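Participant: For reference, the structure I am asking about is given below.
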Amino acid sequence: MQSRKFNDLTSWWFFAAIHAQTMFDNDDPTQPLPLGYPNWKSLPGPPAIPTTDMPTADVMKEYWDQCQHGTWFFPPWHRGYLYAFENVMRDVINNLPGGPADWTLPYWNYFGPGNQFKMPPAFAQLNMPDGSPNPLYVKARFGPPGGHGNVFIHVGPTSINQECQRNTVYTGGNDSGTSGDYGGGVTGFVNFDQHPLFGDLESNPHNGVHNLVGGQFPNGDDAIMANPQLASLDPIFYLHHCNIDRMWAAWNKAGNKNPVDPKWLNGPTAHGDRKFVMPNPDSTAWNYTPSMVNDTSQLNYTYAELDLGVTFAALSKNKLRLRNLGLLLDDEKDVKEMAEPNRETELVGATSKPLVVDATGLQTNVKLDYKGWGAVAESLQSASLVNLPDEVYLLVEGIKGNRDSIICTVSVNNIDAGHLYLFGLTMASKKNGHHGGAGLTIKLNITKIIDQLHLENAIATNTLDVKILPANIIAKGSELTIDRIGIYRVTTAE
Amino acid sequence: MRLPNRTYKAISLTTLSVSIVAWILLLYNPSHVLGVVHCHVSDAGPSRASVEMLLLMNPISSLLCGWCLMVVAMMLPKLLMPVCFIYSKALKRRRQIMALLFILGYLFAWALMGIPIVAIMLGSSLTLPGSFVPALVVATIALVWQFSPVKQYCMNKGHEHPYLPAFGWPSFRDTFLFGLKHGIWCIGSGWALMIFPMLLPDGHHLAMIFVTFVMVTEHLEHPQTPRWRFQLHGRLMRMLSAQTQIRIKQLRTILATDLNPLSNKRIFKDGIS
């Protein structure tokens, strides 16, 4: 596929541009974008990206820049993309002498045992055993901060994890859409568009793995995997996305349901937007909707491992929480599990002006509302088996910048709250383009931290201390701006 | 954090209800608040006497009132998304007042715009009474403006929804300013389209419905790089068409299930088990 011309719909390059690209304005493919980083024509190889034989503007308009992020279409669009890519690859392999007829795309399960958190070694070799260039090798792939160029995934409770697999609702089936949001928010055709709010599968592990695998150039520029407009040039992209697809399939196998809303099943055309379309191996078009990729069996494939990946304790999430709060002494007792539709969201604290995160990081106090925060404290005070306390979320709202590869750690009152993985930041920050310049908003569940503060009698406060520290380079001119840090309660009260 | 469905529905219902009431008032047109209906110009052209007579028959306050009613009718549905955004990002006890301040800021911008527009309307009535020429000139300008980069820039700015301060006076001030700015960008985008129905000697209502449709449709489009481009915004039509097809499909499925005695039995059996 890499030896094919750019205008071949089944070439490596054309497929990468279907995801997203930086050579032409994605609103108007007749307009080339300036040369220089991050234009594909200026990226250091390998891979050596062809710069001639471009497809026509009409073909570009139909196929390119389709990838779906920050939307409930994230899982199904990528499933169709992988399916089409695999079909083309299999067609190529079948035509090679001795090529296996049943070839399938492999997946990289970085959560697997042993050293599976490390990138498969075949991708790190510059050359093949016979001395020819290794098509799996990518020069601009630097790995996580402090990894000295070794590519591996930090797996852990506040870094990359499978906590999303505990969710039970695809798209805020509750009417607040705050928790249990697995696949993303209800939208039309969206690629980091206005105020995207990622589903948990996309936020972590998807976004984080992109950032950790790609990393940064020494000057702080994004490496290929760390930027969605470059990412699908890297062969490891497809193994990563197969793993995300596998996790979605495992989540479904565990009994969790995909949306039945016709607006999801029929894809973005139901919103008057573009359709999903991929090239078949014979270069004809395959139009698809989420209803056609709802289940892997519809596409006649499955995965070797379809376990959920997280071990559910015998106790439910709420029971575990009440036990940690010292309220549940008898595990056999029933806890009133609140139905999702009865949950509501309310802002209970916020910073007052825009913030900047530079190389030294940021420390700020988030002012809490006496009434809203008082209700959180009261819900913890009066928590019981029939009266569940509020959940609390920290939202870093309207993050803008020009480097997607930046990774930050977030702490609340000096307790680790998680990471900001800013995959998609540049696209989401561009004004006067499809994305509207609203930036990224990242949600962190800080309920455990608030429970801990409650147990330490430290919850009665007017502010929360929030620290955001960069884990890698924030070069001058690449500082992040944040519109607001908000604290929200999700009440379980009817 | 998204808004609960019931809150979203309540906001939609309130907004659309107010808009519908304004539309009814406009269509009923009490005291002929929309458009200049009495033209008194002598053969010698506009004179002080004819201006005085025109203003007597069409008080400016009445014309401005009609203008504001027109803005409420046509523009309120466009404010649904920013109002929902404000609701989801504000302290609970401040949501309603902040939403109201935003709408007031927005209407204030359009109300100010009403002054030059009423002046143009009166001027055209004095110079070319009962003529379609002024409306045709504005329609031509609107058509050119429609494809201009400046219009696209204004529409892009209209998609900006800032995170507002949550506490104290700044939250009210910034919300009003957000409404004002949103109104200014909306004016930048649709000023010519809005003048067009005002200059028509006849057919205001039909023109207003057409302009509302155009403005709501283009408002639904994604932001784009501003540049000259000939394009018709058809997302609303595509959306309505797709939604209709989905509804018909659903209806067919329901009817097929209801009319099929075997499927009824199956449902019954499942219910028992």
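The values are calculated or read from the model by the stated rules, or taken from the named source; none is laboratory data. Everything numeric here is computed off the predicted structure, so don't read it as measured data. We place every Cβ from the backbone using ideal geometry, glycine too, and count neighbours over all the protein chains shown. For the accessible areas, the whole protein counts, side chains as well, though only heavy atoms, and no ligand, DNA or RNA atoms are used. Shrake-Rupley method; radii C 1.70, N 1.55, O 1.52, S 1.80 Å.
Participant: Only four residue types carry charge here, +1 at the Cβ of Lys and Arg and -1 at the Cβ of Asp and Glu. Report the dipole size of the stretch A:28-161 about the Cα centre in Debye, rounded to the nearest 20.
Facilitator: 480
Participant: For chain A, what is the charge dipole size about the Cα centre, in debye to the nearest 20, if Lys and Arg each add +1 at the Cβ and Asp and Glu each add -1 at the Cβ?
Facilitator: 640
Participant: Do the alpha carbons of any pairs in A:Lys353/A:Lys467; A:Lys275/B:Lys9; A:Lys118/A:Lys139; A:Lys263/B:Lys92 sit beyond 20 Å of each other, and which pairs?
Facilitator: Exceeds cut-off: A:Lys275/B:Lys9; A:Lys263/B:Lys92.
Participant: Using +1 at the C-beta of Lys and Arg and -1 at the C-beta of Asp and Glu, which of A:Thr364, A:Gly149, B:Leu56 has the Cα lying farthest in the positive direction of the dipole of the protein assembly as shown?
Facilitator: Result: B:Leu56.
Participant: Using the heavy atoms of the protein chains alone and a 1.4 angstrom probe, what is the accessible area of the protein assembly as shown per residue in square angstrom?
Facilitator: So the protein assembly as shown comes to 43 Å² accessible per residue, rounded to a whole number.
Participant: Ordered by residue, what ³J(HN,Hα) values in Hz, to whole numbers, does the stretch B:88-98 give under the Karplus form 6.51 cos²θ - 1.76 cosθ + 1.60, where θ = phi - 60° and Gly and Pro are x?
Facilitator: Running phi through 6.51 cos²θ - 1.76 cosθ + 1.60 with θ = phi - 60° gives 6, 10, 10, 4, 4, 6, 9, 4, 5, 5, 5 Hz.
Participant: While we're here: Per-residue counts of other Cβ atoms within 10 Å, averaged by peptide: what ranking do you get for A:14-24, B:102-112, A:290-300, highest first?
Facilitator: Highest mean packing first, the order is A:14-24, B:102-112, A:290-300.
Participant: With θ set to phi - 60°, apply the Karplus curve 6.51 cos²θ - 1.76 cosθ + 1.60 along the stretch A:45-58 and write out the HN-Hα couplings as whole Hz, x wherever there is a Gly or Pro.
Facilitator: Per-residue couplings from phi come out as x, x, x, 7, 7, x, 10, 10, 6, 6, x, 6, 4, 5 Hz.
Participant: Under the rule of at least 5 residues apart or a separate chain, name every residue whose amide H is placed under 5 Å from the amide H of A:Thr441.
Facilitator: Result for A:Thr441 returns A:Gly398, A:Ile399.
Participant: How much accessible surface does B:Tyr8 have with a 1.4 Å probe, in Å² rounded to 10?
Facilitator: In the full protein context, B:Tyr8 sits at about 90 Å².
Participant: Looking at chain B, which longest stretch skips every one of the trypsin sites (Lys or Arg not before Pro) that is in a DSSP loop with at most 15 other Cβ atoms within 10 Å, leaving the sites themselves out?
Facilitator: After excluding every exposed loop site, the longest remaining stretch is B:1-226.
Participant: Roughly what would the spin-label model give for A:Ala359 and A:Glu378, points 7 Å off Cα along C-beta, in nm?
Facilitator: Reported label-point gap for A:Ala359 and A:Glu378 is 4.9 nm.
Participant: Any idea of A:His434's accessible area? Nearest 10 Å², probe 1.4 Å.
Facilitator: 40
Participant: Ranked by accessible surface with a 1.4 Å probe, highest first, in what order do A:Lys476, A:Lys139, A:Lys257 come?
Facilitator: Largest to smallest exposure gives the sequence A:Lys476, A:Lys257, A:Lys139.
Participant: Helix-derived [θ] at 222 nm for chain A: sum -39500 (n - 2.57) over DSSP H runs of at least 4, divide by residue count, nearest 500?
Facilitator: Numbers: 10 runs with 99 residues, N = 494.
Estimated from H runs of four or more residues: -6000 deg cm²/dmol.
Participant: For A:Lys275 and A:Tyr301, compute 0.36 nm times the residue count separating them, minus their Cα-Cα distance, and round to one decimal in nm.
Facilitator: Going from the current span to full extension adds 7.0 nm.
Participant: What distance in nm lies between label points placed 7 Å from Cα along the C-beta direction at B:Ile97 and B:Thr253?
Facilitator: Label-label distance for B:Ile97 and B:Thr253, simple model: 4.7 nm.
Participant: Under 19 Å Cα to Cα from A:Lys430, which lysines show up? Leave out anything in the same chain fewer than 8 places away.
Facilitator: Output for A:Lys430: A:Lys400, A:Lys476, B:Lys151, B:Lys157.
Participant: Sorted by accessible area with a 1.4 angstrom probe, largest first, how do B:Leu26, A:Leu308, A:Leu35 fall?
Facilitator: A:Leu35, A:Leu308, B:Leu26
Participant: Give me the distance in nm between label points sitting 7 Å out from Cα along the Cα-to-Cβ direction at A:His148 and A:Arg323, one decimal.
Facilitator: 4.2
Participant: What accessible surface, in Å², does a 1.4 Å probe find on B:Met113, ignoring ligands, DNA and RNA and rounding to the nearest 10?
Facilitator: It works out to around 40 Å².
Participant: Once R0 is set to 41 Å, what does the formula 1/(1 + (r/R0)^6) return for the Cβ-Cβ distance between B:Leu232 and B:Leu56, expressed as a FRET efficiency to the nearest 0.05?
Facilitator: Details: r = 43 Å, r/R0 = 1.06.
Step by step, r from the Cβ atoms, then E = 0.40.
Participant: How large is ³J(HN,Hα), in whole Hz, for each residue of the stretch B:247-253 in order, when computed from phi with the Karplus curve 6.51 cos²θ - 1.76 cosθ + 1.60 and θ = phi - 60°, using x for Gly and Pro?
Facilitator: Listing the rounded values in order: 4, 4, 4, 4, 4, 4, 4 Hz.
Participant: About the Cα centre, and with charges only on the beta carbon of Lys, Arg (+1) and Asp, Glu (-1), how big is the dipole of chain B? Nearest 20 debye, please.
Facilitator: 1600
Participant: Still on this structure, please answer the following. Evaluate peptide B:156-166: per residue, the Cβ atoms of other protein chains within 10 Å of its Cβ; return the mean as an integer.
Facilitator: Numbers: counts 6, 4, 1, 7, 5, 5, 5, 15, 3, 6, 13.
Average per residue, whole number: 6.
Participant: Computed on protein heavy atoms with a 1.4 Å probe, what is the summed buried accessible area for the chain pair A and B, in Å² to the nearest 100?
Facilitator: 3800
Participant: Ok, one more. Near A:Lys5, which lysines are there with a Cα under 20 Å away, not counting those fewer than 8 places off in the same chain?
Facilitator: Cross-link targets: A:Lys41, A:Lys61.
Participant: Taking H placed 1.01 Å from N in the peptide plane, check which residues at least 5 places from A:Gly349 or on another chain put their amide H under 5 Å from its amide H.
Facilitator: A:Asp369, A:Ile487
Participant: Taking H as built 1.01 Å from N, whose amide H comes closer than 5 Å to the amide H of A:Trp286, not counting residues under 5 places away?
Facilitator: Amide H neighbours of A:Trp286, under 5 Å, 5+ apart: A:Met278, A:Asn280.
Participant: Follow-up question, since we're still on this one. Report, please, the projected area of the stretch A:1-117 averaged over directions, based on the convex hull of its C-alpha atoms, in nm². Intermediate results must be reported in sequence, preceding the final value.
Facilitator: Details: hull surface 39.4 nm².
The directionally averaged projection comes out at 9.9 nm².
Participant: Using the charge dipole of chain A (Lys, Arg: +1 at Cβ; Asp, Glu: -1 at Cβ; taken about the Cα centre), state which of A:Leu388, A:Trp77, A:Ala475 has its Cα farthest towards the positive end.
Facilitator: A:Ala475
Participant: While we're here: Given the -39500 (n - 2.57) contribution per DSSP H run of 4+ residues, what per-residue ellipticity at 222 nm results for chain B, rounded to the nearest 500 deg cm²/dmol?
Facilitator: Working: 11 runs with 203 residues, N = 273.
Taking each H run of at least 4 residues, the total per residue is -25500 deg cm²/dmol.
Participant: Here's a follow-up. Could you give the length gained on full extension between A:Ser3 and A:Val186, defined as 0.36 nm per residue of separation minus the Cα-Cα distance, in nm? Walk me through the numbers before you get to the answer.
Facilitator: On the way: separation 183, 0.36 × 183 = 65.88 nm, distance 3.91 nm.
So the extension gain works out to 62.0 nm.
Participant: Say the dipole of chain A comes from +1 at the beta carbon of Lys and Arg and -1 at that of Asp and Glu; which of A:Met89, A:Met292, A:Asn207 then lies farthest toward its positive end?
Facilitator: A:Asn207
Participant: Averaged over its residues, how many other protein chain Cβ atoms are within 10 Å of peptide B:216-226's Cβ atoms?
Facilitator: 5
Participant: How many angstrom separate the Cα center of the stretch A:474-492 from the Cα center of the stretch A:110-171?
Facilitator: Value for the Cα centre distance between the two parts: 27 Å.
Participant: Let me ask something additional. Give, in nm to one decimal, the length gained when the segment between B:Ala49 and B:Ala119 is fully stretched (0.36 nm per residue of separation minus the Cα-Cα distance).
Facilitator: Values: separation 70, 0.36 × 70 = 25.20 nm, distance 1.69 nm.
Computed gain between B:Ala49 and B:Ala119 is 23.5 nm.
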